[in-house]
């Protein structure tokens, strides 16, 4: 199968340009629908196409494409079509040397293009699988609701996710088999306003209460500890006027650790009240971690032999929908199969044109090892 990499890369680069041309910030239904239409057109004609409910209400429906075969294994290809950059900062794809720069190029329309190209290669080889499916969601970047698709694919043998690829420290091709759990903690404060010049003592400052809460959260950060917990206050909003004790406010904190349970002590340490300011604490997002090192080690070794160069199992701190599929029952989950690049979540996102070909080779080698091609 690996000889198909040149064909895959050529098509993927062209389709990446088409996908990046569409501005599709998370939550924008029109942009999502246009991207879904393109992705549907890029699927093999043999694929059964289905629109399924998105995990996040009021978002465009997600896309599933399925191929039926005569083999034994079931494999899911996973990606997302939404981006972080909003319409007013959108940039269509532009080439400068090896760099292909444009909104969403690395996170993760480059990976989506490779996944769709791989689906076309699989359509030519139905004897290799019982079912090959691609799931493209429209809410990965800002989802706070539970992920709804795990049960739909729990019986699959493997999940291949096409988030951005990377190299190992020695320059080897790397894929992601371990990710931290991730959560967003929101703390809302309700105090009492007063004139900050003439009667500050009559107020109860939501800002000061949130500052104390922020310090409490930060004090729990222990990146060198057993769970590698990072607890980082990131956004503080409080106050409407320079001469008023702020009565309300909001603090957001980013939590990362090897397991979700590591976040419990952070939440438990926050009081319900600070200096007569009521504090309401909520985990608005909680994504599981992923550790597929044991389940994937033999497969990656065989894939490296087929490729003729090593494929290194690596880890990444950022969250991915691959973690949901792994937690939902697909032990053999491999992420980071997309092209390499940088600038994720900025208008200057880019992918390496060369890496589209080399990562196509990696994806094909992993798929061949998985399906016994």
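When both bridge partners sit in the chain, DSSP labels roughly 75% of those beta bridges antiparallel. Size of the chain from its Cα atoms: along the principal axes, largest to smallest, the extents are 78, 43, 38 Å. With a Förster radius of 30 Å applied to the C-beta separation of residue 215 and residue 346, the computed FRET efficiency comes to 0.50.
Taking 0.36 nm per residue of separation and subtracting the Cα-Cα distance, full extension of the segment from residue 89 to residue 53 would add 10.1 nm. Working note: 222 nm ellipticity from helices only, DSSP H runs with n ≥ 4, each -39,500 (n - 2.57), summed and divided by the residues of the chain, gives -9000 deg cm²/dmol to the nearest 500. The packing ranking of peptides 109-122, 286-299, highest mean first, is 109-122, 286-299, where packing means the average number of other beta carbon atoms within 10 angstrom of each residue. Can you figure out the FRET efficiency of residue 301 with residue 169, using R₀ = 22 Å and their beta-carbon distance, to the nearest 0.05? Once the sixth-power term is evaluated, E becomes 0.75.
Out of every Cα pair in region 182-286, what percent are spaced more than 23 Å from each other? Result: 30 percent of Cα pairs exceed 23 Å.
For the pair residue 29 and residue 250, a Förster radius of 30 Å applied to the C-beta separation gives a FRET efficiency near 0.65, rounded to the nearest 0.05.
Modelled spin-label separation between residue 243 and residue 45, with each label point placed 7 Å from Cα along the Cα-to-Cβ direction: 7.4 nm.
A short reminder: the numbers here are calculations on the coordinates, not readings from a lab. Just so you know, these numbers come straight off a predicted model, no measurement behind them. Neighbour counts run over all protein chains shown; Cβ positions are idealised from the backbone, glycine included.
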